[in-house]
Amino acid sequence: ECTTEDMTPYEKELAIHDSFAKAVEYDYGELDALEEHSPDSETPYGALVLNKAVCTGYAVTFRLLMEMCGIRCQLVEGTNLKGNEHLWNKVKLDDEWYGVDITWDDIHTDTGDLFVRHRFFNCTDEFFAEHDHEWDDYDYPDATGTKYSCSNQNAAPVFTLEDLDALVKENAGKGFGEAV
C-alpha cells in the first residue's frame, strides 16, 4: 500500500522499509529469560498481522515485500559480535547489492516513541562488518553498492562553513532518526 507503480525500485524499497519499521515492534519476549517470543514473530504473519517480530520475521517479511515489488532480495544468516544469531537482508538495485538490517533500524523507546533510522539501510558489507555483523561472506553476493545508500540519496549539499552551520542548526535536536 505504500508503493506506487511510478516509483523507482529504490523509492519502493525505502517506502517499504519505513512503513514496515513504523508498523512492526520487536518482540522482546525473545530477550526475556522467563518468557519466549511467539513463533509467529518469525513469520510474515507475525510481522504484518500481529505487528510483532524478531529479526527472522523482519528479514523474511522484508524479502517477501521486496520480491512482490520485483526487487531481488536475499536473507543473510550471521551473528552479532556477542555471538547471537541474527538475520538481515541484501537487496539488488541496478546490478549492485546493498545490505539492509530493518530490525536494527526500527527503534521503539521505553517511552513509546518510535524512530525509524536508516543507519543499516543500503550499506556495504564493509559497513556491516564494522558495525556488529558477522557472516560467512562467501555464501552471499558482495554488497559493495553505494549509489543508493541513504547518505548518498539524501545528502544535503554543503559547500561552505555557512552551509554546514545552517544544516547543523536545522537538524539540532532531531535525534538519531525520524520521530513518528
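Each reported figure results from applying straightforward, stated rules to the coordinates on display, with no laboratory input. Since the structure is predicted, the reported quantities are computational estimates derived from the model, not experimental observations. As a convention, Cβ positions derive from the backbone with ideal geometry for all residues, glycine included, and neighbour counts pool all protein chains shown.
Charge tally for Trp104 (other residues, Cβ to Cβ under 10 Å; Lys, Arg +1; Asp, Glu -1): -2. Separation of the alpha carbons by more than 28 angstrom is noted, of Lys22/Lys92; Lys22/Lys90; Lys52/Lys92; Lys82/Lys147, for Lys82/Lys147.
Using R₀ = 41 Å, calculate the FRET efficiency as 1/(1 + (r/R₀)^6) where r is the Cβ-Cβ separation of Asp132 and Glu162; round to 0.05.
Using R0 = 41 Å, I get an efficiency of 0.65.
The stretch between Arg119 and Lys147, if pulled fully straight at 0.36 nm per residue, gains 8.6 nm over its current Cα-Cα span. Working note: Karplus 6.51/-1.76/1.60 with θ = phi - 60° gives segment 75-88 the couplings 8, 10, 9, x, 9, 8, 5, 7, x, 6, 4, 8, 10, 8 Hz, where Gly and Pro are set to x.
For segment 49-74, backbone nitrogen atoms closer than 13 Å to the point 7 Å from Glu25 Cα along Cα-to-C-beta are found at 50-53.
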